Amino acid sequence: MLPSSKSVLGWKKAGHNTCLQAKHQLGRVPLAPRLIALAKASTAVNAAAPSTLQHQPSISPASAPQSAPPAPSPPSPCTRCPSSAPHLQLVNGLTIQMTGRSVSPLVLSYPTSAGPLYIGIDGPIQDNHPGNGGLRIWKYASEQDAVAECRVLASTMTLKHRVYNTGFSGAKLVLNATNAIAGINKAALMAEVSDILHELCGTVYTGCDLNTSMEDMEILTELCPYVLASVGCLTDANDATGFGVYASIEGAAEELGGLEGRTCLVLGCGKVGSIVAKLLAQAGAKVLTYDIYHDRADIPGCTNVSGQDWRSIPTDILSPCSTSGFIDTHTAAMLHTKIVVGSSNAPFKDAAAQDVLETRGVIFVPESISSAGAVLADSIEQFDWEAYRTARPAYVHAYIHSLVKSKTRELLNKARLLSRVPSHMLEDVCTDPYTPPVGSFFSQYLEEHTQHFDVAVIGGGMAGTAASYWLSKLAPQMKGVVLESRTVAHKGGSSYGDSRMYRQMYSQEYFSRMQTAALQLWDELERESGVQLLTPNGLLFYGETDTGETVEGSVRGVAQTCKQLGLEHEYFADPEEMRKKWEQIRPGENYEGVYEAAAGSVNASLSCATMMGQALQRGWSLLENTRVEDIQVSEPGDVKILTHDGKLIKANKLVLCAGGWTNEVLRKMGHEEMALEVWNVHWGHYQVAPEVARNLPQWFCFQKDKADEGSWDGGLYYGFPPPDKDSSSPVIKVGIDFTPEDPKFRTEGMEGFAYEPDERVARYIDQFMKENWSGIGERRDMQASPYTMTKDSYFVLDKLPGRPEVCMFTGGNGRAFKFAPLIGRCLAELVLDLPPSYDLSPLSAKRAALKKGKEEMAAEAAAASSASQSSSNGIHASSNGSHHNGNGNGRHSYNGSATVSSGSSEAGEKLNV
């Protein structure tokens, strides 16, 4: 009977690289390997040995702690191995003791039932600095091909290990399958591999590679301890490669001023490539994906260019995550890119191809730096086993991110300083081999990168900055931090821009009164900061009177509320009266209107910057370009947040203001998701004549939707007057407040959100302006921004159910920015357990409208299962269902019968009208 996985893992926990003879009664005789290749030892070869390294810089402070942990204990002898020093039997019968001998690279051949197994060892054969490389199974054309690949891959692995000082040298196991790979008896093969590893007595470790799986490694781990494959751990070492590649790209992109907005092409969308593509999209890059299997490149948030000639596509960064040797001299001469960095081992066909590329000034970051995530994970597994075994994957990824990004920057900085080609400087950035292995620093790294706060806010948009502003006012003694994945009110979120409507005209008294309360706080913020944030323009609501209630109300609905609340307004029952006041307007025959002279626009981006600035002045911290990777709330008052770059934030309270990313954050917390959708809403700018600009109001037009006519036109349009009416070339902002009911325009989160405007929707706006306003010139631009929607069009402003230390705001429904100071104050009061300044009961996080139905959850589970099953092939499925109570044309509708409603504006709604 085989030993349990638990018992085998116990060997590592005890710090022993040992196997007990009692656990293996296989009765195999010692194997006699055949020496296939022994390259001539040279100075370059001997550089693999620590004693002959010429460059020994200290570990960068950014990549590892300053003080070294205790050196790991030497491994205990293996009672099953024939001796602690392996002997290799050559064909002529001569026996040579190989322990400690520097060779490069040695290739041994062992017979197995599935075909010959070649083991490449590039470095001294010794158990205190063993070789490490995955087990690859392939059917090669010849023994020479198999041996050649084994040697190249072993050498490549050595560079990865030396650059980071993992505690290993390079090795590779390559099995040349005699018959079809699918017919191999993997259990029998793993038993044979175990015997071979025992024969090598801890001088070689292996793990997963091409055509070997975690199931194979679990079997192998049962049989011997010389396996590094994260068996029994939460972390997938192969995922770590993807996170490492992304970190290297992030580091290299600093040469271009950062990743946001850069065009990146990920070439090969398997497990690693798909991770890289998704992380790049999250960072705000324009991501193109390519794979010979086209559907593998269908990754949310990316543009699939499979089928095109990828060599001719202009990019800023090319990330090869596919096979080796595909960049030849012709391809290198064609590439339209600035940086090449990826996971492919030896992506160039030969040195000449690499020279062609680098001679053109293209930066190439060698894979020994960029594709080292898995070997770094192996180092942690070997030298900090207990921490690795229990660590959440995000913690491992963060440490790897820090190491790889730091090493990438070290390489490029030194190359620039010395005016040398980066790839020629690998020896200059190898980590000091006399320091403890990099994996042994993992626990210490996490401890040294931990920061403590009273409250942490996730999201630097409207709600997040408003919450920090009010928390700093109401509780100045508290230490707080805002975590923002990009920048405050960044262009990809909902708080960017210079105009949002504020108005007291609402069909629902609840929101009219909320605006009245918020206006007082806007005035307080402006006086305190000395910055003008609100501009009175006057607001005209006009249009058809039989549209029904929408998220923005209706003409007659707002008129009734104004009368009930005694709000100053002007009503137009005759379209001719509107034409007399605004000669450019072209209202329909039956149009009516309501005008609120006190209404106007809010400068959204400036408001977020101002509120954040006030909090910073009171001692708060802001971490921009810091993506949250993991959140733990193990018990009340114990919030742990891990960022992508390795910061561990510990806080007593958490304020979640992630907008369209809300459910993504909830998933990272392990919390139930909410029934939210992210809608794609268009807006743009139009040229107007100077004489027209001076008399244009702020307006909102209500028309019936045309869904029954097969149109996407939802009938709701709005516009702002020029910010500078005296400009010689004024422009106005015009947008729509409807979203076509099409998966392209409605997603369940920001993954897959289409920022590229749709020309058909843009033409609706063009046509509307042509028919309804005179003096309007050409369209200058068109953009698409996210609305985070709830089913009942009310916000969410509450404590997270079951998590009293987490307060949240989401579901702004495109109308929340006008309430920003009040939203922030209410969030602060929730955090501080103070009575709220406004009735929040309709905004409860527990209301039925936020619950996902069984059918929705079943569909999502099926989609997730499909994505999981296809992940090994790099295929990523997405589910873009629509769950909003909107009518068929996708206009924003209001469920007037809701007694417990929702309301919230994520990180600040983009097109808040």
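Computed with every protein chain present, the accessible area of LEU403 is close to 10 Å² [probe 1.4 Å]. Each peptide in 421-434, 284-297 gets a packing score, the mean of other Cβ atoms within 10 Å over its residues, and the list from highest to lowest is 284-297, 421-434. Assuming charge only on the beta carbon of Lys and Arg (+1) and of Asp and Glu (-1), the dipole of the range 462-539 about its Cα centre is about 200 debye to the nearest 20.
Surface exposure of the range 302-432, expressed per residue as accessible area with a 1.4 Å probe, stands at 34 Å².
For the range 546-628, which whole percent of the accessible surface, found with a 1.4 angstrom probe, sits on carbon and sulfur atoms? Before the final figure, lay out each step's value.
Values: 1540 of 3720 Å².
Solvent-exposed carbon and sulfur of the range 546-628 make up 41 percent of the total.
Hey, how many Å between the Cα centroid of the range 518-565 and the Cα centroid of the range 652-694? The range 518-565 and the range 652-694 have Cα centres separated by 20 Å.
Along the charge dipole of the range 374-496, pointing to its positive end and built from +1/-1 on Cβ of Lys, Arg, Asp and Glu, which listed residue (ALA463, SER440, ASN413) has its Cα farthest out? It is ALA463, whose Cα lies furthest towards the positive end. Remark on ILE125: its backbone amide H falls under 5 Å from those of GLY100, ARG101, VAL103, a criterion applied only to residues 5 or more positions apart or on other chains, H modelled at 1.01 Å from N.
The H on the amide N of TYR205, modeled in the peptide plane, is under 5 Å from the matching H of GLY131, ASN132, GLY133, each at least 5 residues off or on a different chain.
Would the range 493-621 count as rounded, prolate or oblate if I go by the C-alpha gyration tensor, calling it rounded below 1.5 in a/c and otherwise prolate when a/b exceeds b/c, oblate otherwise? Walk me through the numbers on the way to the answer.
Numbers: a/c = 2.51, a/b = 2.10, b/c = 1.19.
Judged from the Cα gyration tensor, the range 493-621 comes out prolate (a/c at least 1.5, a/b above b/c).
Go through 813-825, 702-714, 643-655 and give me the packing order, highest mean Cβ count within 10 Å leading.
Working: 813-825: 28.5, 702-714: 17.7, 643-655: 21.6.
In descending order of packing, they fall as 813-825, 643-655, 702-714.
Whole number in Å², please: accessible area per residue of the range 463-560, 1.4 Å probe, ligands, DNA and RNA not counted.
Numbers: 3070 Å² over 98 residues.
Dividing the accessible area of the range 463-560 by its residue count gives 31 Å².
Each label point was placed 7 Å from the Cα along the Cα-to-Cβ direction; for ALA180 and THR545 their separation is 7.7 nm. Summarising the label geometry, the points placed 7 Å from Cα in the beta-carbon direction at ASP574 and LYS139 lie 8.8 nm from one another. Apolar share of the accessible surface for the range 225-316: 46 percent from carbon plus sulfur atoms, 1.4 Å probe. The solvent-accessible area of ARG763, taken with every protein chain present and a 1.4 Å probe, is close to 130 Å². Note on LYS851 and GLU386: the model spin-label points, each 7 Å out from Cα along the C-beta direction, lie 4.5 nm apart.
Per 0.36 nm of contour for each residue apart, how much would the distance between GLU448 and GLN767 grow if the chain were fully extended, relative to their Cα-Cα spacing?
Roughly 108.9 nm would be gained on extension.
Between ASN128 and SER621, residue separation times 0.36 nm minus the direct Cα-Cα distance comes to 173.0 nm. Per-residue Karplus couplings for the range 168-175, computed as 6.51 cos²θ - 1.76 cosθ + 1.60 with θ equal to phi - 60°, are listed in order as 10, 10, x, 8, 7, 10, 10, 9 Hz, Gly and Pro entered as x. Surface composition of the range 131-205: carbon and sulfur atoms hold 56% of the protein heavy-atom accessible area at a 1.4 Å probe. Sorting 356-367, 222-233 by their mean Cβ neighbour count within 10 Å, with the most densely packed peptide first, gives 222-233, 356-367. Counting only DSSP beta bridges whose two residues both lie in the range 260-337, roughly 0 percent are antiparallel. Between amide H atoms placed 1.01 Å from N, distances below 5 Å from VAL482 occur with VAL457, SER621, LEU622, LEU623, all of them 5 or more places distant or on a separate chain. Ligands, DNA and RNA are left out, and with a 1.4 angstrom probe the accessible area of the range 199-270 is 24 Å² per residue. Here r is the Cβ-Cβ distance between ASP523 and SER312 and R0 is 51 Å; the resulting FRET efficiency, rounded to 0.05, is 0.35.
The values are calculated or read from the model by the stated rules, or taken from the named source; none is laboratory data. Everything quoted here is computed from the prediction, not taken from an experiment. Note that each Cβ is placed from the backbone with ideal geometry, even for glycine, and that neighbours are counted across all protein chains shown. With ligands, DNA and RNA removed, areas are computed over all heavy atoms of the protein, side chains included. Shrake-Rupley method; radii C 1.70, N 1.55, O 1.52, S 1.80 Å.
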